[in-house]
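Below is one structure, written out as structure tokens; the observations come after it.
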Amino acid sequence: MIESVETNEPVLWQTYVSWNQFAWLYLVSLIAALRGALLWQAAIPGSELWVIGAVVLVVVALALRFWVRYAATAQRVLIKNAFTGREIQAMAIENISATTIKQGQIAWFLGIGTIIFTSTHGDEVLQFRGVRDPESTLQHIQTVRRRRIFPAS
């Protein structure tokens, strides 16, 4: 188990945003790289800038993918900044009244979705966006939640 930095809670489940969340950014990067290759092949100035732009887009996609980490501990579900370890948002497991999955057609095709946690008061919502296989992920979190609500004797 991995320890949560701030509270020393054991992290029972964690994930990052799926690679598929940034498919559009990879596509734009590929188009920029192809354009740079075509300009280079035709000996037209500026091809290097297109290739550099494509590399920058891939680096941005990597940084965005690892920007947040979703986690579940025995006490709460939380979103953390993966670079600094700072907690962005959290919700106590006992305060979760509903969990739903939001998934459009494109997200379904890419195999990603958003898991939405609603608090018992209805005033707080926590969203895990761009999660790969949201149904399976929600089952993992529900297992953690059931362990918390109904501890083993």
Item to check | the range 107-117: number of residues that are surrounded by fewer than 18 Cβ atoms within 10 Å (Cβ to Cβ), over 21 Å from Val11 (Cα atoms) and of a type in the set (Val, Ile, Thr) | outcome: 0
Checklist entry - Could you say whether any residue in the range 83-106 is of a type in the set (Lys, Arg) and surrounded by 14 or more Cβ atoms within 10 Å (Cβ to Cβ)? => result no
Item to check | Filter pass, Thr114 being assigned to a strand (DSSP E or B), on the phi < 0 side of the Ramachandran plot and in contact with a Gly (Cβ under 9 Å, 6 or more places away or on another chain) | outcome: yes
Checklist outcome for this item: Being assigned to a helix (DSSP H, G or I) and touching a residue at least 60 places away in the same chain (Cβ under 8 Å) narrows Val144, Val59, Val77, Val131 down to just Val144
Item to check | Test result for Ile44, at pLDDT below 90, on the phi < 0 side of the Ramachandran plot and surrounded by fewer than 15 Cβ atoms within 10 Å (Cβ to Cβ) | outcome: yes
Checklist entry - What number of residues within the range 116-127 are within 11 Å of the chain's Cα centre (by Cα) and either over 19 Å from Asn81 (Cβ atoms) or in contact (Cβ under 8 Å) with a residue 60 or more places away in the chain (or both)? => result 0
Item to check | Check on Gly122, under 18 Å from Leu12 (Cα atoms), of a type outside the set (S, T, N, Q) and in a loop (DSSP other than H, G, I, E, B) | outcome: no
Next on the checklist: Any residue that is of a type outside the set (Val, Ile, Thr), touching a Phe, Trp or Tyr at 6+ places or on another chain (Cβ under 7 Å), open to solvent by 30 Å² or more (accessible area, probe 1.4 Å) and part of a strand (DSSP E or B) - is there at least one of those in the range 3-14?
Outcome noted: yes
Next on the checklist: I'd like to check something: does the range 21-39 contain any residue that is under 30 Å from Gln142 (Cβ atoms) and open to solvent by 40 Å² or more (accessible area, probe 1.4 Å)?
Outcome noted: yes
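The values are calculated or read from the model by the stated rules, or taken from the named source; none is laboratory data. Predicted model, so just to flag it, every value in this text is computed and none were measured. For neighbour counting, all protein chains shown are included, and Cβ atoms are generated from backbone atoms with ideal geometry for every residue, glycine included. What goes into the accessible areas is simple: the full protein's heavy atoms, side chains included, and nothing from ligands, DNA or RNA. Shrake-Rupley method; radii C 1.70, N 1.55, O 1.52, S 1.80 Å.
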